[in-house]
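Throughout, read-outs are computed from the coordinates displayed, never taken from laboratory work. All values derive from a computational prediction rather than experimental measurement. Ideal geometry is used to build each Cβ from the backbone, glycine not excepted, and the neighbour counts take in all protein chains shown.
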Amino acid sequence: MSNAVIWMGGEGIEGIPVVCRHSTPQVGLFSFYSASGNKMREPMGIHSNAVAAPPQLLLERLKDYGQEDAFALWDELSPEERHLLLNDIQSLDLSRIDRIIRCSVRSQGLPVAAIEPVPESWVSSVDERTMEHRERWWKMGLKAVSEGKLAVLLLSGGQGTRIGSSDPKGCFSEYILSIADMILKILCYIRVSWMMMSNVGLPSGKSLFQLQAERILCVQRLAAQAMNEGSVTIHWYIMTSPFTDDATGKFFESHKYFGLEADQVTFFQQGTIPCISKDGRYVMETPFKWQSRECLFSRQFAKSPDGNGGVYTALKSSRLLEDMATRGNKYVDCYGVYNALVRVADPTFLGYFIDKGVAAAAKVVRK
């Protein structure tokens, strides 16, 4: 995977969303972390059907990290619930999570580093380039695609909670229209003619997944035509999460992969981490009232996907880097699912990247 390009906005450190994070695309050096960091530890003395007290060794480990409150309501749990809680704790890499929490908490209140534009010499604008440049990049990109050197990587682990849905974002056609719909209502409120707004929206009702699949199909067809190849295949890696994986797979199956071959789409899951309170304590999944005070208690910790930055650990632990190498992939087009206008596998940008011979590049719309 030398010379691989990752086109994405930075979100998360070591795959973990932290308090202080950049909202602008970041380009830099990234490390892959060993999957052994998430390996489940061997149970400590959990053998009987009924666990009378929390295992002492486990309790001491939690105390080392200030998380002993996880056992605060132990006496109120049934034997089955105690086993679930113990297994949940055993699955955590406590030292790694503690390191992330401390880094995150320490970042609060610190001055934000100055953000400056990249030097103009590092930036190229398609509009400012000659037709000769653009055609050369276009042909270089199509050639790389036809040779199987490009893989597409979609970050699609999040749910549509911000728009009131637990479905994967990529399943939405409504998602694309939600902001437009809000704007329309505002315009109506200020008495702008409805006739002027009638062309806003997607009459096709296509989902984000479908839009992106069709763009992959289009680039495959263009590359085959340009290079006189019988057929060209771009492999599509889709990162889901435990919360979206099943629904995403079923959505693709029910839509017959939107015209793609089933074996050219690979789903893999990003990791999860416990949710934490403002003071760095683990948050349990559901509220439970006990002795007239509200405690947070559940059979398990509340968890969330580990952010777009989790893609690095997920690719490593899923052995997909080896899979990419086996397929001959040299370049990776990485993007977020909610980008309805993304030019997936853009040949011009790929050719530009190859021409520059850099390790990473990002494509943006000038403000």
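Using 0.36 nm per residue of separation minus the Cα-Cα distance, give me the extension gain between Glu261 and Glu81 in nm, one decimal.
Contour length minus the Cα-Cα distance gives 60.5 nm.
Region 309-367 to region 52-72: how many Å between their Cα centroids?
43 Å
Hey, which aspartates and glutamates would be in cross-link range of Lys278, C-alpha to C-alpha under 18 Å, not counting anything within fewer than 8 residues on its own chain?
Lys278 reaches Glu68, Asp69, Asp98, Glu294, Asp306.
Could you give the distance between the Cα centres of region 228-243 and region 103-139, to the whole Å?
Comparing the Cα centres of region 228-243 and region 103-139, I get a distance of 27 Å.
Highest mean first, how do 272-278, 110-116, 356-362 rank when packing is the count of other Cβ atoms within 10 Å averaged over residues?
Those peptides, ordered most packed to least, come out 272-278, 356-362, 110-116.
More than 17 angstrom separation, counting every C-alpha pair in region 72-118; what % is that?
Everything past 17 Å amounts to 61 percent.
Past 18 Å, Cα to Cα: identify those pairs from Lys143/Lys356; Lys149/Lys206; Lys143/Lys256; Lys316/Lys356, in the order given.
Lys149/Lys206; Lys143/Lys256; Lys316/Lys356, as the Cα separations exceed 18 Å there.
More than 13 Å apart: what percent of Cα pairs in region 311-367 qualify?
70 percent
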